[in-house]
Amino acid sequence: MKLVSYKTEDREHLGVFVNGHIYNLNSCDKLIPDNMNEFLWGGPELMEHAARVNEDIRSGKIEAKEELFFELMAPVPHPTSCRDGYAFRQHVASARRNRKLDMIPEFDQYPIFYFTNHNAIQGPGEIECMPDHFQKLDFELEVAVVLNKKGRNITAAEADSFIAGYMIMNDMSARTLQMEEMLLNLGPAKGKDFSTVIGPWLVTPDELEQYKVPAKPGHTGNAYNLEMKCVVNGKQVSAGNMADMDWTFAEIIERAAYGCDVLPGDVIGSGTVGTGCFLELNGTGVLNNADYEPQWLQPGDLVEMEITGLGMLGNIIEKANSDFSILKLKK
C-alpha cells in the first residue's frame, strides 16, 4: 500500500495511491482520519482499515472517486520528530578516507543519529534555498521510515513492528555552513535545518516482502534489496543498495528508544548510502585526480532520486529572492 498526503484548495488530506491514481481514504472509510498525523497515532488498527480500502479499490469492490486536482506533499508533512542515522559503512569509510582519516572503530560498535528540523520537511517540487546554502549545496540519498506506535526501551528484535512504512529521503546539506559549525564539535544545525525532503509516498512493509534479504552478520532486523540511485539534470551520479545498510532500522530504533519515548509520526533516516552525495563523490574524485572539478547543486537543478519499490522523488532547486547572509556575520 502506498499512502500519500496531498492538498486540494489549501486543505491537507490523506490518500492512497492505486494504479496511478490518488483516492481519499476518509471518503471511503469515515473511521480513517483525513490527515497523516492522526492516522499514524491510530496505529496498526487504522492501518488495517486503510489496507482494506486499498484492496477494495484495487479489486473494484468499491468505486472510489479519484482526485484530479491536487498538490502532492511530503507523505508525513508534520513529523513528531526527525532523526537521521549513519548506517552505511561505505559512505562513512569513503568520507573519512577522503579527509585522510582512518575508519572510526566506534561505527561498528553502535548506531548513531542526530536530530534535524522536523518543521523543515518537504515533499516533491521546488526547494527554495538561501544564498549561503549555495556555498557547496548538496543532496544525500537515503531511505527513511516513520513509526506508528509509541514505545520506550524497545529491543531490535521487536522494533520492526513499530515501522508504518518506508520513504525516499533527501537530506539536503549546505556543506560550508555544516563544516564551519562542526569545527566546534556541535551540530550539524544550520547546514541541515533548511530542508529535508521525503516522498513521494509512504510504502507499507508488506509491499517490500519480495525484496527482503538477511541482515548483515551480527545484526538484527529487516533488510531489503532495494536499488538506490540519484540523477541530477538527467545524469546519474549515485548508485547503491539499501541492503548495504550495516545498521538496520530496527537497531537504530532500539538506540533511539533507550530511556525515552519514540512516538507515532517520528521519522528516522538511514544516513547516506555509499556514493550518495557530492561531498563524498567530490572527495573521491579529487583523491584520484588532482584536476577533478567538484560539483555542487545550483539554482535550477533537477534532483531525482529513485529506489526500488519506493518510487521516484523529484525536486527543483530554487534560489530565494534575498541576499541575506549569516556567513557574512562572522566576527
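Brief remarks on what is shown
- Within region 25-64, the set of residues being of a type in the set (Asp, Glu) and part of a helix (DSSP H, G or I) comprises GLU38, GLU45, GLU48, GLU55, ASP56.
- Looking only at residues in region 1-27 that are in contact (Cβ under 8 Å) with a residue 60 or more places away in the chain and among the aliphatic types (A, V, I, L, M), the one that is farthest from ARG58 (Cα to Cα) is VAL4.
- Selection of region 196-208 for residues being touching a strand residue (DSSP E or B) at 6+ places or on another chain (Cβ under 9 Å) and on the phi < 0 side of the Ramachandran plot yields THR196, VAL197, ILE198, PRO200, TRP201, LEU202, VAL203, THR204, PRO205, GLU207, LEU208.
- Single residue of region 112-138 satisfying the filter (outside any loop (DSSP other than H, G, I, E, B) and of a type in the set (Val, Ile, Thr)) that is nearest to ALA320 (Cα to Cα): ILE127
- Between LEU46, LEU40, LEU31, the distinction of being touching a Gly at 6+ places or on another chain (Cβ under 6 Å) and at pLDDT 95 or above belongs to LEU40 only.
- Filtering region 79-111 to residues that are part of a loop (DSSP other than H, G, I, E, B) and surrounded by 18 or more Cβ atoms within 10 Å (Cβ to Cβ) leaves PRO79, THR80, TYR86, ALA87, PHE88, PRO111.
- Against the test of being surrounded by 17 or more Cβ atoms within 10 Å (Cβ to Cβ), under 19 Å from ASN35 (Cβ atoms) and not assigned by TED's automatic domain parsing to the domain that holds MET242, the options ASN148, ASN54 yield a single qualifying residue, ASN54.
- Qualifying residue in region 28-48 (condition: buried (at least 16 other Cβ atoms within 10 Å of the Cβ), of a type outside the set (Val, Ile, Thr) and farther than 25 Å from VAL267 by Cα): yes
- If you check ALA157, ALA215, ALA164 for being free of Cβ contacts under 8 Å to residues at least 40 places away in the same chain and within 22 Å of ARG255 (Cβ to Cβ), only one passes: ALA215.
Condition check ((1) of a type in the set (Val, Ile, Thr); (2) surrounded by fewer than 19 Cβ atoms within 10 Å (Cβ to Cβ)) across all residues:
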{"residue": "LEU184", "(1), (2)": "no, yes"}
{"residue": "GLY187", "(1), (2)": "no, yes"}
{"residue": "PRO200", "(1), (2)": "no, no"}
{"residue": "PRO205", "(1), (2)": "no, yes"}
{"residue": "THR220", "(1), (2)": "yes, yes"}
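- Single residue of region 151-162 satisfying the filter (assigned to a helix (DSSP H, G or I) and of a type outside the set (S, T, N, Q)) that is surrounded by the fewest Cβ atoms within 10 Å (Cβ to Cβ): ALA157
- Filtered residue count, region 224-249, keeping only those that are surrounded by fewer than 18 Cβ atoms within 10 Å (Cβ to Cβ) and touching a Ser or Thr at 6+ places or on another chain (Cβ under 8 Å): 3
The values are calculated or read from the model by the stated rules, or taken from the named source; none is laboratory data. For clarity, every value in this text was computed on a predicted model and none was experimentally measured. Heads up, the Cβs are rebuilt from the backbone with ideal geometry, glycines too, and the neighbour counts pull from every protein chain shown.
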